[in-house]
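See structure below.
Read-outs throughout are calculated quantities, based only on the coordinates presented, and are distinct from any laboratory measurement. For clarity, every value in this text was computed on a predicted model and none was experimentally measured. Neighbour counts run over all protein chains shown; Cβ positions are idealised from the backbone, glycine included.
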Amino acid sequence: MNRNRKPVVLWLALWGTLCCFCAAQDADQAAVERGSKTAKGGFQNEDEIRDKFNNWKSDPDAQAWLAALNYMPCDIQNLTAAKPTGSVKADVEVTIKTESAIRIERISIKLVSSSTGFNQIDKRWLSTYAEMWNMPADVVAALQLFVGETPPHPGSRDDRRMYLNELPVKTQQAVLDFFSTHKDEIVSDLLGGDGEHAAGWFMVTFKATKKPKWLIRSTKDAVKCFGEGDVVMTRAGNIKLGRIGVQRKGGDNGRDTAKMLQFKINPVQLFDWK
């Protein structure tokens, strides 16, 4: 009886090794390509992505996402995905238990339906940003005119606010110098946030085609991508922070919330970034 069991045990051991080897190859490939993949189906919102993670054992998209997060399916003992509450950068938090540790992977998710569209990554009152980034008084004063908290000077082309190129050249330069000096910190805060729920991963799902695509990169990579480039003033008098647009929020039927400062990106650009 014992002689009969040995081949079975050996076969099971070999099978387990083969599964892990294949999963390891998939994970290595995902780490190299970092996911410009075609999904089996579309994703409507963060809730659906959370649910797919929770069904990872039978969901091929979730299995591919886990490989992109550097996990082999055969190593996962338990997994739960949830949406954090409050104003945080992580849209989904995935708690993964392996033999060696329990880790929480926090993912910021951007759902995109157009290759030319822009996605808001952050908007707050100017005073909040001023405190976060220790803005000098002259930069705060300039941006108060920019968003319309301070009434525009006579002759401004917009009776609600002023554009950066309408301000004195010295003031323009002070604003651009501030964003240039603090660019790394600012872009990191905008994309990943900080504190307990800071996002370590950045996920883009692109639904403009019949076969939706997804991509997962580390937030560090996303910061490099969208922060790449100089801080400049646009022709319209707004601010460009690398690939990130900085503007007055506007809209809201003229309510005070239109005066918030807003940061926007085109998430699809991450697909082509190397």
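Structure notes:
- Cut-off 17 Å, label 7 Å out along Cα→Cβ of Asp51, residues of the stretch 91-109 by amide N: 92-93
- Each of Lys274, Lys210 was scored by other Cβ atoms within 10 Å of its Cβ. Arranged with the fewest first, they read Lys274, Lys210.
- Convex hull (Cα only) mean projected area of the stretch 95-223, reported in nm² to one decimal: 11.3
- In nm, spacing of pseudo-spin labels at Arg160 and Arg124 (7 Å Cα→C-beta vector): 2.3
- Between Ala82 and Ala208, the modelled labels are 3.7 nm apart [label points 7 Å from Cα along Cα→Cβ].
- Our estimate of slack between Met132 and Ala174, defined as 0.36 nm per intervening residue step minus the Cα-Cα distance, is 13.3 nm.
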